[in-house]
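Bear in mind these aren't lab numbers, they're just calculated from the coordinates by the rules spelled out. This one's a predicted model, so the numbers in the text were calculated from it and none came from an experiment. Note that we place each Cβ from the backbone using ideal geometry, even for glycine, and neighbour counts take in every protein chain shown.
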Amino acid sequence: MALTATLFHLTLQLADMDREVYADLALHVAQQPSETAEFMLVRVLAYALEYEEGIAFTEGVAAVDQPAVWVRDLTGRVTAWIEVGAPDAERVHRGSKLAGRAAVYTHRDPRTLLATYANSRIHRAAEVPVYSFDREFLAQAAARLQRRSKLALTVTERQIYLDIDGHDLSTPIDTAAASG
């Protein structure tokens, strides 16, 4: 019997002072059986940190030709391609060519990921940021996340302050370019 996804209902209060984006979001996130809690958490963080009109979760790991998150304009054209995890260089290349911008959010060691991109062809690689977070932060936050959780995410000076059901955590947002 195949395992099914676990559905998370998250209430997220977003205050991204770096981008002057403030929103109250009700997110329904499916964690696939093949996803770790850290991977799913990074999908949620990527969604919040990229939040704008037209943003949506895709089918994620279930879709071969879609990123974890994307932004589409009113005509349906993809304007942002946001990968999560450790996507191969070909996916990042395709996303960067297709969309106006691309980004990668990883829950793994970014040095390993960047090393795989070093000798690969990625369209506008210098313009594709690779974001990562402290591994201990991700482990603690993922352990606190329940199927129904209230989150408050504040971003200021590239630092994340995350409250999950009354438990405060923080981490810097580390950034590198896909070109190394």
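This table checks each residue for (1) more than 20 Å from THR171 (Cα to Cα); (2) surrounded by 13 or more Cβ atoms within 10 Å (Cβ to Cβ).
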residue: GLY95; (1), (2): yes, yes
residue: ARG111; (1), (2): no, no
residue: HIS123; (1), (2): yes, yes
residue: PHE133; (1), (2): no, yes
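Summed over the stretch 150-166, residues that are at positive phi, more than 17 Å from the chain's Cα centre (by Cα) and of a type in the set (D, E, K, R) total 2. With respect to the conditions (1) in contact with a strand residue (DSSP E or B) (Cβ under 9 Å, 6 or more places away or on another chain); (2) closer than 21 Å to ASP73 by Cβ, GLN31 falls short on a single one, namely (2). Just the residues that are touching a strand residue (DSSP E or B) at 6+ places or on another chain (Cβ under 9 Å), among the aliphatic types (A, V, I, L, M) and under 22 Å from HIS9 (Cα atoms), please, taken from the stretch 121-154. Correct list: LEU138, ALA141, LEU145, LEU151, ALA152, LEU153.
Take GLY85 and tell me if it is at positive phi, of a type in the set (Gly, Ala, Ser) and surrounded by 12 or more Cβ atoms within 10 Å (Cβ to Cβ).
Yes, satisfied.
Against the test of being among the hydrophobic types (A, V, I, L, M, F, W, C), farther than 16 Å from THR175 by Cα and in contact with a strand residue (DSSP E or B) (Cβ under 6 Å, 6 or more places away or on another chain), the options ALA103, ALA99, ALA89 yield a single qualifying residue, ALA99.
Where in the stretch 82-180 are the helices (runs of 4 or more DSSP H), entirely inside, with at least 3 residues that are touching an Asp or Glu at 6+ places or on another chain (Cβ under 7 Å)? It would help to see each step written out before you state the result.
Values: elements: 89-98, 110-117, 135-144.
Hits in the stretch 82-180: 89-98, 135-144.
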